[in-house]
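Working notes for the structure below.
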Amino acid sequence: MPRREGASVESPSRTHDSATGAPPPPAERAARAAVPAPPGPGARRAFLTLLGVDLWERFSFFGMAAILVLYLTAAPADGGLGMAPQTATAVFATYMSSSFIAGLPGGWLADRVLGARRAVLAGGGLIAAGHAVLSLTSATALYAGLLLIVVGTGLSKPSLAAMVAAVSGPERREAAFSRFYMCIQVSALVAPVVTGVLAQRVAWHLGFAVAALGMAAGLAQFGLGMRAFAGTGRGPVRPLARTEAAAALRRAGAVLAVAAAAVTAVSLGALPLTALLAVLGLVTLTLPFLYLRALRRRTSVGGERLSAFTAVMGASAAFWMIFAQSGSVLTLFAERHTDRLVLGFDVPASWLQSAHPLFVLLLAPFVTRLRGGVTTKVAGSLGVAGLSFVVMAGAAFLAREQRVSVAWLIGVYLLYSLGEIVLAPAGLALAAAVAPPGFANRFLALNGMFAAVGVVLGGQLYRLTSVLPLPVYFLLMGTAVLAIGAALAARASQLRPALPE
């Protein structure tokens, strides 16, 4: 009987013997990890094709993220929208978190209706269209463009991750995700420089337009390299019947229509933006936990393992709560409170977003050699993330008197980078390993959804700066994340036996 397409995504061989269902002996597991089967030429070509499309998709994402908050807060006379910083950071956080949340329905559509390939193509097309709409000069175009990008990201990102897992095999998942994560930092390094100079030195909307061109290039590259995938991702892993698939697409269309109506209402002033942000934030905070409760009834994953997975993913949200403020809170701090004059040249604030991926590229070959369980890795990442905001508290205290050296932000980005290199690949690999057959895209989407919880929390908590001094805000956030990391480290011995190694 031929193997189902996409089966390699959910292969349980990493943790269970195929004949008995029992965990293999520790010596056997160590041997498997030490001597993994080398990937064939087809797998390498497929991996490079996926890497190429993600490089371009990340170019569009990081390029737009570097300038979005600056555009929202810029005065109308300078071509911006003149938003208050607290509102702009909430919009940014809602956009980021919605992109993660969209991975849940997007992953389901890929698993049951579209298949991973069609999901990547459709999602990439929507992302390119969204950036093109953002290049138009109106508030309506802003919200419509962000909506298109959110839907496109939800379709494409889980499917890209699932295809990486499929072409890499279970023994090489975490190593493949680490290489993948490291390589796409090239886009994260270049994109803020390109879009930043175009947006801040020429016109804001030109920065959005070049992001659209980047995504279009990624789609072209994916189409040219599709032959390397053989059967991977060609169709849904657990396809619905034709009538059920048509009904699912109709429901998706209805949800999009409601979202479009909400965007229109906000654009016309009929619905307060703050009310919409509050509703979306509440949905973001509750949805991953509600969905996990449903998965507990629908999958073969044991209750103990699913509880441990939830605990680790929930703790990882605190890292993303800190990390996601790089593109909003720290960008505003860079623009308003740092001395960016270098040899007579005023460095655009958006360019500082390139410091983080530069550190990732430099440090990843060394940091990825670190060994340890996923719980230990997440706890350590929370430690450096919390420390970064303690450092920011010192910078903000000094900035009350005068602009501070940009070295403060560089140090914070260094800490971010150390944490992300460790946490992000481990989280993806854990989600792929825990997922039972036919649920890979949805568990990978869950990893993103917990990140969304952190992102939306960070965006909403920044509103505290209207009543709290900025140094106090940074200090409270940093110490809270340090405490969460310490609590997770204390529970590591209890959680580790329930999680895949």
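Taken together, the values in this text are just the output of simple stated rules run on the coordinates, not laboratory data. Worth saying up front: this structure is predicted, and the values here are computed from it rather than measured. Note: ideal-geometry Cβ built from the backbone for every residue, glycine included; neighbour counts use all protein chains shown.
Tabulated data for the structure shown
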read-out: Packing-based exposure ordering (other Cβ within 10 Å, fewest first) of Asp54, Asp111; value: Asp54, Asp111
read-out: Neighbour count of at most 14 Cβ within 10 Å plus DSSP loop: longest trypsin sites (Lys or Arg not before Pro)-free window in the chain; value: 5-233
read-out: For peptides 67-76, 90-99, sequence by mean Cβ density within 10 Å, most packed first; value: 90-99, 67-76
read-out: Using alpha-carbon coordinates, inclination of helix 204-224 to the longest axis of the chain, degrees; value: 20 degrees
read-out: Which of Ser326, Ser300 has the fewest Cβ neighbours within 10 Å, and the rest in rising order; value: Ser300, Ser326
read-out: Value in Å of the Kirkwood radius, where the range 302-455 supplies the Cα pairs that are averaged; value: 16.7 Å
read-out: Neighbour-count order for Leu155, Leu499, fewest beta carbons within 10 angstrom listed first; value: Leu499, Leu155
read-out: Estimated 222 nm signal from helices in the chain, with DSSP H stretches of n ≥ 4 weighted -39500 (n - 2.57), rounded to 500; value: -24500 deg cm²/dmol
read-out: Residues in the range 89-131 that a label on Ala265 would reach, taking backbone N under 19 Å of a point 7 Å out along Cα→Cβ; value: 91, 94-95, 98
read-out: Cα centroid of the range 379-413 to Cα centroid of the range 124-172, whole Å; value: 31 Å
read-out: FRET E, pair Arg305, Ala77, Förster distance 41 Å, beta-carbon r, rounded to 0.05; value: 0.15
read-out: Mean Cβ neighbour count within 10 Å, used as a protection proxy, ranking 412-418, 455-461 highest first; value: 455-461, 412-418
read-out: Tensor-based shape of the range 311-378 (alpha-carbon gyration tensor, a/c under 1.5 rounded, otherwise prolate or oblate); value: oblate
read-out: Rounded, prolate or oblate (a/c below 1.5 giving rounded, otherwise prolate when a/b exceeds b/c) for the range 50-134 by Cα gyration tensor; value: prolate
read-out: Per-bin percent of Cα-Cα distances, the range 77-226 [5 Å]; value: 2, 9, 14, 20, 22, 15, 9, 6, 3, 1, 0, 0
read-out: Angle between the chain longest axis and helix 407-434 axis [Cα atoms, degrees, rounded to 10]; value: 20 degrees
read-out: The range 39-498 shape via C-alpha gyration tensor axes, a/c threshold 1.5; value: rounded
read-out: Separation between Cα centres of the range 215-267 and the range 38-97, rounded to whole Å; value: 20 Å
